[in-house]
Amino acid sequence: MAVQSFRRNRRIRVPEVRLIDENGDQAGVVSTKDALQRAQEAGLDLVEVAPTARPPVCKILDWGKFNYEQSKKNKRDKGSSKGKSGLKELRVRPAISEHDLSYRLTDGRKFLDEGHKVLCVCIFKGRQMAHPEHGYDVMRQVAADLADISKVEMPAKMMGRRMTMLLSPLPLTQRRAAAKEREQKKRDAEIARERGEDVPEE
């Protein structure tokens, strides 16, 4: 609930409320007039914290402090929601080039590393519809290249002119282990090149 939506003091127009006093103790159901008087005597505000309850729940508190704390809570909630995993889309084509596919795979790896699910979508045009196997080949390649950090949650399937496949990230510990393994392989390959040894293409 946004801070601005809390009714307080004389804006609370119901005849009675369930009161929580300034010490956090339950004071039971009292008239709104009495609750306001108690808040004024304590030099504080009467704030309606649960308007949908019957009767509404009101609390005697410092409105300025309450307002500040609610603002901080809203910011934290917004921040945590941004970090939540979601669904990202990765678009490919049946006749996609190796160069273009490598870019798509880089994006897909980034999404999975961030904890997102990835919906791989292959769009067919014109005569490509006659060769769905080309789309399945691309999907298999995507799944194989990202197998170290993801699993196939929904296998590739054709729907009209679209083929879709859903990948979900592996647990964080497995993704971190895979990242370390990739870094180690990269370092080993660099050392091998410096020594003039042949390095097989991955």
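Read-outs: derived from the displayed coordinates by stated rules, not from any lab. From a predicted model like this one, the values you see are computed outputs, not experimental measurements. Because the Cβ atoms are built from the backbone with ideal geometry, glycine has one as well, and the counts that use them run over all protein chains shown.
For the reader, a short list of remarks on this structure follows.
- Part-to-part distance (alpha-carbon centres) for the stretch 94-170 and the stretch 45-68, which is given in Å: 52
- Set Lys125/Lys185; Lys151/Lys180; Lys75/Lys151; Lys157/Lys185; Lys33/Lys72 screened for pairs whose C-alpha atoms are more than 28 Å apart: Lys125/Lys185; Lys75/Lys151; Lys157/Lys185; Lys33/Lys72
- For q = 0.11 Å⁻¹, Debye-computed log10 I/I(0) when each Cα of the chain counts as one equal scatterer: -0.69
- In terms of the mean number of neighbouring beta-carbon atoms within 10 Å, the peptides 175-183, 88-96 order highest first as 88-96, 175-183.
- Förster radius 45 Å - calculated FRET efficiency between Asp188 and Ala95, Cβ distance, rounded to 0.05: 0.85
- Packing around the peptides 127-136, 58-67, taken as the average count of other Cβ atoms within 10 Å per residue, puts them in this order, highest first: 58-67, 127-136.
- FRET E, pair Gln26, Lys75, Förster distance 22 Å, beta-carbon r, rounded to 0.05: 0.15
- Rg/Rg_ref, the stretch 87-170, where Rg_ref = 2.2 N^0.38 Å and atoms are Cα: 1.00
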